[in-house]
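Note sheet for the following structure.
The values are calculated or read from the model by the stated rules, or taken from the named source; none is laboratory data. Everything numeric in this text was worked out from a predicted model, so none of it was measured. Cβ placement follows ideal geometry from the backbone for every residue including glycine, while neighbour counts extend to all protein chains displayed.
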Amino acid sequence: GIGTAWTTLHLMFEKEIAELLEIPYEDVMQIALMPIAYTKGTQFKPAYRPPVETVMHVDQW
């Protein structure tokens, strides 16, 4: 089937990506890119998510 992902990794190269995709760099702020592709394989499962209390902190590090 077709798969997609939300990514912001391209923002390290925002100007170059704007040129490649013909996005007016000075007028449009990129916030995300959603690549779409046919997937390889069928063994998909939810990603491991650590307990929220181990990754979220309030007023401390």
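Are there any pairs with C-beta distances below 7 angstrom linking a residue in the stretch 35-55 that is on the phi < 0 side of the Ramachandran plot to a residue that is small (Gly, Ala, Ser), with the two at least 6 apart or on different chains, and if so which?
Partner pairs satisfying both residue conditions: Pro35/Ala5; Ala37/Gly3; Thr39/Gly1; Thr39/Gly3.
Look through the stretch 24-54, keep the residues that are of a type in the set (S, T, N, Q) and farther than 26 Å from Glu14 by Cβ, and return whichever of them is modelled with the highest pLDDT.
As a first pass, look at the stretch 24-54 and keep what is of a type in the set (S, T, N, Q): 30, 39, 42-43, 54.
After this cut, where a residue has to be farther than 26 Å from Glu14 by Cβ as well, the list is 39, 42-43, 54.
Values: Thr39: 83, Thr42: 75, Gln43: 79, Thr54: 89.
Here the answer is Thr54.
Restricted to the stretch 9-61, and to residues that are of a type in the set (S, T, N, Q) and either in a helix (DSSP H, G or I) or in contact with a strand residue (DSSP E or B) (Cβ under 7 Å, 6 or more places away or on another chain) (or both), which residue is surrounded by the most Cβ atoms within 10 Å (Cβ to Cβ)?
Initially, the stretch 9-61 is screened for residues of a type in the set (S, T, N, Q), giving 30, 39, 42-43, 54, 60.
Then drop every residue that is not either in a helix (DSSP H, G or I) or in contact with a strand residue (DSSP E or B) (Cβ under 7 Å, 6 or more places away or on another chain) (or both), which leaves 39, 54.
Working: Thr39: 10, Thr54: 7.
Across the stretch 9-61, the extreme among qualifying residues is Thr39.
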